[in-house]
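Colleague: Encoded as structure tokens, here's the structure I'll be asking about.
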Amino acid sequence: MIKNLFSLYTYRYPKNIAYMLQASEYDARNYLIWLSKTKNFNLVSRRKQFIKTKFSILLYRFIAGGMLLQILIGLIIIILGFTNHFVGGQYYGLAIILSYPVIWPYLILILILVAKILIINPRDKIILDKAENIFKNHPGKIIAVLGSYGKTSMKEYLAIVLSEGKKVAVSPDNKNVALSHARFAQKLTGLEDYIVLEYGEGKNGDIAKLAKLTHPDFAIITGLAPVHQNHYKSIKQQADDLLSIEKYVDPTNIYLNSDTYFKDIKINKEINQFNDQSVLGFKISNILTDYSGTSFELSNKKQTNNFKSKVIGRHQVKYLALIIVISEQLGLTLNQIKKGIAKTKAFPHRMELSELNGAMVIDDSYNGNIEGIKAGLNLIKDLKAKRKIYVTPGLVDQGKKTKDIHLEMGRYIAAASPDIVVLMQNSTTESIKKGLAEDNYAGQLIVEDNPLDFYNNLSIFVAKDDLVLMQNDWPDNYK
Amino acid sequence: MKKILVIFGGRSVEHDVSIVTAINSVIKPLRLTKKYQVEPLYISKTGQWYWHEALADIETYTSGKINSLLKKLKPISLKFDQGLVLSTGGSISSRKLLIDVVFPAMHGTYGEDGDLMGLLEMANVAYVGCDMPASAIAMNKVLAKQLAVANGISTSNFLFYKNINYKENGQKIINEINTKLNWPLFVKPAHLGSSIGISRVNNNQELENALELAFHYDDLVIVEEEVANLIEVTLPIIGNDVPEPAYLERPMLQQADFFDFDTKYLRGQKKGSKSSLGASEGYSQVPADLPAKLYKSAETLALEVFKLFNLSGIARVDLLIDSKKSIVYFNEINPMPGSLYSHNFQKFGLSNVDLVERLIFFALEKYEQKNKLNSSFSTNYLKQF
């Protein structure tokens, strides 16, 4: 209790508030929820740290300056009180000083919202209008990649393969919102044959907004799984948001992964569907995955071809197969496609393989959905290791189904039977533990209350021939 | 939850190495298991014992905060009430803790040499590593070689001298060395590890300087012949009655050089090298690339030494090989290898976390065995007085 109270008056408090705003991505709702749940402000920055950007430094200085100013005003009023220039000044002044930690976390939010309405939004509108014009008039074809998971990898793989025979531009990293695409548009030369864009979705209407901005010719929907359930009311609404792309792209130019949650959704028959077994008339077979990558065979009545990629995991094959078929339709030769597929590799934090003291570590911390969890657990079943260690904090933004999904997750983990399971203590831990117990998990279970400490000391936790799979991230603003 | 006391620091020239071993290789991995209450006990360079959580943070030492912290803290006292009890004194905020297992992460004098183990034996508490007699013999290079020779284990030819004798008969000793040993020679303090005070010498002038240096650190100095066509290897071993070897490790040095303290712990490279790999890991070959038969001979000899010296818990046996003649010589024993040689065990397939857990297991196993022995015997002896 005393520690919690003192955390409001430490020198770090302004930076903690600035960090909370930054980690909430300046989303007022998320920030206010976090603020209301926080008891000890010294503990908000456990998982990540305040990142210095021009805006975040300005914000921090503004908060710190505002707080100092309030303290100064309080002190002046106290002095006026003691010198009989302000009756009761001592008490008013003290109240002003003590209240700064309560006032500024809300006052700064109001100031940000005002700045957004008066400055940021009008400025953004100009940038977006300009970008829409660029996309609309661009002579190349625009391919939108959207879905609940796997879209960054899909976008990157597609760009790598198409680049073997075409001029391709691809939206950078995992930047997938309107403003990032608008900035990306300004870098286009107009000479590109294809532009591959990742569409992010977080709430209803996001896909339509991006489609209106970028005018796509093709769309690839990588899959559907519960994410952002604190904004979407249901998985159906989430599916509708993804499928709203139909209004902007000819259904015959849409490719949809029909596995998983799309099985329960009614899909327009004109949309091309693909899954783990087949892609647009081609059959997938002979999948082999190990630490060196994944090989598979793709065949139809006319031809059979073998491919090898550096990416690991069976779940990746259907995406690679779709890229192969699309690339062929867009005019690439078989050799160009094979060369491109051979170049595909994991991207940072997405099934990214590295070696640590002789152990193989798969970093899949950017995964954030139950389908990715299943894919990861299937992968550790496939890979050989002396000891298999599975590390996860659980999934955020799973809404009302949080308990059910984590119970299911516990069962999947038990079925994959890693030797050691490391859970990061949070609100989902008990559900995962229950799922593990229900399916009689017999390995070692460790519940870690300091995730950063665990990740930093992973090197002393592992030995030669171990396999570690680390899935998901748990930002500080989730409990 | 078992309470583990990690003791480190101490009145030893290897004080700083001990801090790193304790914090990085013992406390951190033990805490990662979530199975133990791990308490740090730091012995200052002047011999005071301190118990505080901040002592488990390496930054306390690297930032220099240790000096101001020690000024604030009161040294603790030990009680032997049904085991080992830590006590911070009689004030209102005093703390007491009964310890289940002690992990002495000590190197060199007053820690690794058996002194501390004697105290722990008196307290009748379980502890990690070799017992007092084994540690005392192992850390005395002269006694260790004599015991090896007496049991038919080859060592390089050696002589040894006490400081007082050298002061009185320095020239006579130089002459004796010239007569009985072949150059080049190694001069070593008899009780120190981490290559402190060791010199390789080729002539009388270097020998005199080297003896002076070695006597600066120790009252007993050993002078030994260099093994020709040298391959130096070391084998970390864990276990009690059934020793479990890790990989034979070969420091990557040339015959003209040897590894001093800075090379081992600061640069992790051969002396004079400009590159900077991590300490104690960057300069060795694990497993040592030796012909299979020679590898096996060296491993067998090291295991034989482990048993002969009644080592337990963990130890590292250093060997010298004449590569042309394929003869393996016993060199010395390190009863508490720096950083537990966890890099070697990791390559062998045992993580640092598993290593410390195994060592706790061995400590408890040894403790149980010892307590099964009867330590009382009824006689009528006193009645005659």
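Colleague: Please give the strands (runs of 3 or more DSSP E) falling wholly within segment A:139-257 in which 1 or more residues are among the small types (Gly, Ala, Ser) and within 24 Å of A:Thr344 (Cα to Cα).
Modeller: Here the list reads A:141-146, A:168-170, A:218-221.
Colleague: What pairs come up if the first residue lies in segment A:256-279 and is within 17 Å of A:Leu298 (Cβ to Cβ), the second is in a helix (DSSP H, G or I) and modelled with pLDDT of 95 or more, and their beta carbons are under 6 Å apart, counting only those six or more places apart or on different chains?
Modeller: From segment A:256-279, the pairs are A:Phe274/A:Lys318; A:Phe274/A:Leu322; A:Asp276/A:Lys318; A:Val279/A:Ala321; A:Val279/A:Leu322; A:Val279/A:Val325.
Colleague: So is B:Tyr381 closer than 21 Å to B:Ala138 by Cα and either modelled with pLDDT under 90 or buried (at least 20 other Cβ atoms within 10 Å of the Cβ) (or both) or not?
Modeller: no
Colleague: Inspect all residues belonging to segment A:454-462 and state whether any of them is assigned to a strand (DSSP E or B), over 30 Å from A:Asn42 (Cβ atoms) and more than 19 Å from the chain's Cα centre (by Cα).
Modeller: So far as segment A:454-462 goes, no, none of its residues is assigned to a strand (DSSP E or B), over 30 Å from A:Asn42 (Cβ atoms) and more than 19 Å from the chain's Cα centre (by Cα).
Colleague: Tally the residues that are more than 14 Å from chain A (Cβ to nearest Cβ) and hydroxyl-bearing (Ser, Thr, Tyr), restricting the search to segment B:333-385.
Modeller: So the count comes out to 6.
Colleague: In the set A:Gly74, A:Gly147, which member is more than 30 Å from A:Phe274 (Cα to Cα), among the small types (Gly, Ala, Ser) and buried (at least 18 other Cβ atoms within 10 Å of the Cβ)?
Modeller: A:Gly74
Colleague: Can you name every residue in segment A:459-477 that is at pLDDT below 85 and either out of contact with any helix residue (DSSP H, G or I) (no Cβ under 8 Å at 6 or more places or on another chain) or within 13 Å of chain B (Cβ to nearest Cβ) (or both)?
Modeller: The answer is A:Asp473, and nothing else.
Colleague: What are the residues in segment A:58-89 that are free of Cβ contacts under 8 Å to residues at least 40 places away in the same chain and either within 21 Å of A:Met20 (Cα to Cα) or touching a Phe, Trp or Tyr at 6+ places or on another chain (Cβ under 6 Å) (or both), if any?
Modeller: Those that are free of Cβ contacts under 8 Å to residues at least 40 places away in the same chain and either within 21 Å of A:Met20 (Cα to Cα) or touching a Phe, Trp or Tyr at 6+ places or on another chain (Cβ under 6 Å) (or both): A:Leu58, A:Arg61, A:Gly65, A:Leu68, A:Gln70, A:Ile77, A:Leu80.
Colleague: Moving to a separate point now. Would you confirm whether or not segment A:322-337 contains a residue that is surrounded by fewer than 18 Cβ atoms within 10 Å (Cβ to Cβ), charged (D, E, K, R) and over 30 Å from A:Asn456 (Cβ atoms)?
Modeller: Yes, there is a match, as at least one residue in segment A:322-337 is surrounded by fewer than 18 Cβ atoms within 10 Å (Cβ to Cβ), charged (D, E, K, R) and over 30 Å from A:Asn456 (Cβ atoms).
Colleague: I'm trying to understand the selection: among the residues of segment A:352-383, which are touching a residue at least 60 places away in the same chain (Cβ under 8 Å), more than 14 Å from chain B (Cβ to nearest Cβ) and either aromatic (Phe, Trp, Tyr) or not in a helix (DSSP H, G or I) (or both)?
Modeller: Across segment A:352-383, the qualifying residues are A:Leu353, A:Ile362, A:Asp363, A:Asp364, A:Ser365, A:Tyr366, A:Asn367, A:Gly368, A:Asn369, A:Leu383.
Colleague: Something else: Scan segment A:117-162 for residues that are free of Cβ contacts under 8 Å to residues at least 60 places away in the same chain and acidic (Asp, Glu) and jot them down.
Modeller: Correct list: A:Asp124, A:Asp129.
Colleague: Of all residues being more than 8 Å from chain B (Cβ to nearest Cβ) and touching a residue at least 24 places away in the same chain (Cβ under 8 Å) in segment A:445-458, which is nearest to A:Ile362 (Cα to Cα)? Just the residue, please.
Modeller: Here the answer is A:Leu458.
To keep it simple, each residue is scored yes or no on (1) assigned to a loop (DSSP other than H, G, I, E, B); (2) surrounded by fewer than 18 Cβ atoms within 10 Å (Cβ to Cβ); (3) small (Gly, Ala, Ser).
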{"residue": "A:Gly394", "(1), (2), (3)": "yes, no, yes"}
{"residue": "A:Lys400", "(1), (2), (3)": "no, yes, no"}
{"residue": "A:Ile413", "(1), (2), (3)": "no, no, no"}
{"residue": "A:Ser431", "(1), (2), (3)": "no, no, yes"}
{"residue": "A:Met470", "(1), (2), (3)": "no, no, no"}
{"residue": "A:Trp474", "(1), (2), (3)": "yes, no, no"}
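Colleague: Same structure again: In the list A:Lys433, A:Lys403, which residue meets the criterion of being more than 24 Å from A:Thr260 (Cβ to Cβ), without any contact (Cβ under 8 Å) to a residue 40 or more places away in the chain and of a type outside the set (A, V, I, L, M, F, W, C)?
Modeller: From the options A:Lys433, A:Lys403, the qualifying one is A:Lys433.
Colleague: (1) away from every other protein chain (no Cβ under 14 Å); (2) closer than 30 Å to B:Lys28 by Cα; (3) in a helix (DSSP H, G or I); (4) of a type in the set (Asp, Glu): which one isn't true of B:Asp318, the others all being true?
Modeller: (3)
The values are calculated or read from the model by the stated rules, or taken from the named source; none is laboratory data. Note that the coordinates shown come from a computational prediction; the quantities given were computed from them, not determined experimentally. Here the Cβ is made from the backbone with ideal geometry for all residues, glycine too, and neighbour counts use every protein chain on show.
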